[in-house]
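The values are calculated or read from the model by the stated rules, or taken from the named source; none is laboratory data. Note that the structure is a prediction, hence the values are computed from the model and not measured. Glycine also receives a Cβ, built like all others from the backbone with ideal geometry; neighbour counts cover every protein chain displayed. SASA here: full protein model, heavy atoms, side chains in, ligands and nucleic acids out. Shrake-Rupley method; radii C 1.70, N 1.55, O 1.52, S 1.80 Å.
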Amino acid sequence: MLHLGAIDSQSTGNRQAEKKNVFPVEDVQEIHSPCLVIRAHGVGPEIYQWAQAQRLHLVDATCPFVAKVQKLAAVAQKNGRQVYIVGDPHHPEVQGICRWADRAVVAADVQTARRLRGASPAFVLCQTTQTEENFTLVAAELSAKCHDIIINQTICPSTVTKQRAAAELAKTVDVMIVIGGKNSSNTQKLAKICKAAGADTYCIERWSDLDINKVRGADRLGVTAGASTPDWIIEEVVVQMTELEKTQDCAVNEENMEKEICEHEDALEQTAVPQEQAEGQQQETAAEIDSANNAGVAEDSQAEEEKSLADAFAEEYGDMKEIRRGARVKGVVVQVKDDELLVDIGGKSEGVLAASELSADDAKNIRERFKVGDEIDVLILRRENQEGYPILSKKRVDQDIAWDKLAQMKADKEIVSGVVTEVVKGGLLVDVGLRGFVPASLVSLGYVEDLSSYVGKELQMKIIDCDKHSNKLVLSAKAVLRKLSQNLKEKTWAEIAEGQTRHGVVRRLTNFGAFVDIGGVDGLLHVSEMAWYRVNHPADLLKEGDEIDVYILGVDAENEKISLGLKQLTPNPWSLAAEKYPEGSVITAKVMRTTTFGAFLEVEPGVEGLVHISQMAHHRVEKTEDVVKPGDIVQVKVLSVDPEAKRMSLSIKATLPKETEEVAPAEAETEAVNESVEEMVEQTENPEASAE
């Protein structure tokens, strides 16, 4: 029988398999047996096709969870999605999945994901033995890069359970033994988790791989194993550890027994006397008995005195407590140094609390935060160091308290405040007593191009995920903003009315106007309502983020539409034109556009006047452009002003010295001016036609 898959030829499992005529192969060309077994990591579809063509007896031992991931990857790619796999690119499971989706991209960690170029639509899954923390970070990074993305967490449930159980066990023991293959990804992850929990961790394949001297002095040992570790290997390690414990107990008993024998022999040597002294001793027996009785009374008195002293010591200093690794105890600060505290925890020696085991803020201000006599909660990391002092941690106690508090806040749906400490590619890191992660998509109601502006700011957030065991804390500022926006929106609709003036923020510009947020509700400020003069594009006056006051022109609550105005908040310039520009006054104006009958000049924004072609010079002008062109600044005389009709007649000729040549009769000139005014009115009322 042949087993398809690259296995370490020196591994214990492989040697045991060979004894049963099961041999591993790495290539189908090595197969010369009628029976083929597919191992748990799975293979690509081409292997199944080849085995069928060769008419081999195929035993598919692919893990059901791995097989599910293979099918998900194949279907996603078939549907046109870019497949991303979170896992080790060199692991056989990941390599097998890649054969089902040949265009898949593998991201081992968040650093790798940052270097990838996002593609949409996308589909994210993971190696079944991945840690939840790594998958969450990589998935968040990819979410920021891909707009259309489906995330499928495909970690094997038994893997998650085993990793959490190993982490919990490692916190309560001195040494952790992790059993599994040297090249097993699952085993290596378990070892990493146990080390992170604070236990001295040793990864072995068999009991013989373990240096017994490294674990002989440990009070408590824990054992865990990789998913593919055979039961008989685990049983062997447990049995050997049990025998080691018995051997240590026997050695202690033998040592105590030898000590008792030596003491007994010394007593016999002291009581042994020559025969000739026996009679003398017999004669002294009565006296010795009396003396012994007196001594017994003295010893009883001494014992009572010692008990009294012990009671007084206990009353003064308290009972000596048992110092156990992983225990959480109360202590009293007895000394404050620049880089550590000495804490009385009721043991034979004070515990050492280094600055590294304090929160960053406490460590920075250690002499300000702690005084002699302060009572604090600490965790015992080690029973004693080389000098015999217990090693303590306050930071881990604070973290446990923070985790419990945040878990309760999540259950109660409370809002948590935190300060943004750092920007990462996937989002923001925030300090809420613990380090939390806010994905970029959950920072604001809209897309945020530059997250660096959030560093140092305090955010109000909702807790999305809080898992102490996997050290995962995910928060959303967007959820809080959405709730606030909804409340504000309801309040605005209840209060808003036509004719009001409201403060708002420009959210978006279009060719026809701007959308302004006036309190959780967007209203449209049309380009024609922005100014008393013609505005070509909203960007000429506004930009996104501008805070402005707007006038409510209309409210359609049923369809949730609001019309806004901006020019209504400033006086109509025509209402003051007659006073500012009386007839006969000479002013400066700018040529805006020319026509066949004259030129329109801007007196001020919103006020334009017409210089008829007959008023351009004392001589006859054939073309307006012969005298002026757009952009020219000229002196003109005001002939007439009609504010209601928004008309102003201007003359360039009236500001020039008179010429000697003959001019047109006054009647003809007046008629021409009137005709031009009518044309000007048409141009004013229909600016589009003028533009054409």
How much accessible area per residue does region 390-490 have, counting only protein heavy atoms and a probe of 1.4 Å, in square angstrom? 53
With respect to the cross-link table entries Lys413/Lys472; Lys483/Lys567; Lys162/Lys192; Lys567/Lys637, which display a Cα-Cα separation exceeding 23 Å? Lys483/Lys567; Lys567/Lys637
To the nearest 10 square angstrom, how much accessible area does Glu625 have with a 1.4 angstrom probe? 90
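Once fully extended, how much extra length lies between Arg508 and Ala531, figured as 0.36 nm per residue of separation less the alpha-carbon to alpha-carbon distance?
Working: separation 23, 0.36 × 23 = 8.28 nm, distance 1.82 nm.
Extra length from Arg508 to Ala531 when fully extended: 6.5 nm.
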Based on the Cβ-Cβ distance of Ala645 and Lys543, what FRET efficiency does E = 1/(1 + (r/R0)^6) give at R0 = 45 Å, to the nearest 0.05? 0.80
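Past 18 Å, Cα to Cα: identify those pairs from Lys580/Lys653; Lys171/Lys395; Lys623/Lys653; Lys337/Lys394; Lys189/Lys410, in the order given. List each step's numbers first, then the result.
Details: Lys580/Lys653 21 Å; Lys171/Lys395 15 Å; Lys623/Lys653 15 Å; Lys337/Lys394 16 Å; Lys189/Lys410 29 Å.
In this structure, Lys580/Lys653; Lys189/Lys410 exceed 18 Å between Cα atoms.
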Any idea how far apart Lys590 and Lys413 come out in nm if each label point goes 7 Å out from Cα toward Cβ? 5.7
Quickly work out the Glu133-to-Gln500 label distance, labels modelled 7 Å from Cα along the C-beta direction, and quote it in nm with one decimal. 5.0
Under 5 Å between amide H atoms, partner at least 5 residues away or on a different chain: which partners does Arg220 have, H built in plane at 1.01 Å? Asp174, Val175
Just to verify a number: what accessible area does Glu544 come out at with the full protein assembly present, 1.4 Å probe, Å² rounded to tens? 120
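On the protein heavy atoms, probe 1.4 angstrom, tell me the percent of accessible surface of region 417-487 carried by carbon and sulfur.
Carbon and sulfur together cover 49 percent of it.
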Classify region 473-516: rounded, prolate or oblate, from the alpha-carbon gyration tensor (a ≥ b ≥ c, eigenvalue square roots; a/c under 1.5 rounded; otherwise prolate if a/b is larger than b/c)? oblate
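Please report, in cubic angstrom per residue, the volume enclosed by the convex hull of the alpha-carbon atoms of region 562-646.
On the way: hull volume 10.0 nm³, N = 85.
For region 562-646, the hull spanned by Cα atoms encloses 118 Å³ per residue.
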Backbone N under 20 Å from the Asp377 label point (7 Å along Cα→Cβ), restricted to region 156-191: 168-169, 171-173
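Based on the Cβ-Cβ distance from Asp467 to Gln568, what FRET efficiency comes out when R0 is 51 Å, to the nearest 0.05?
On the way: r = 55 Å, r/R0 = 1.08.
Working from the Cβ atoms, E equals 0.40.
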Gain on full stretching of the segment that runs from Arg328 to Thr112 - 0.36 nm per residue minus C-alpha separation: 73.9 nm
At Trp493 and Ala402, where each label point lies 7 Å from the Cα along Cα→Cβ, what is the point-to-point distance in nanometres? 4.1
Given R₀ = 41 Å, what would the calculated FRET efficiency be for Asp632 paired with Ser575, taking r from the Cβ atoms and rounding to 0.05? 0.90
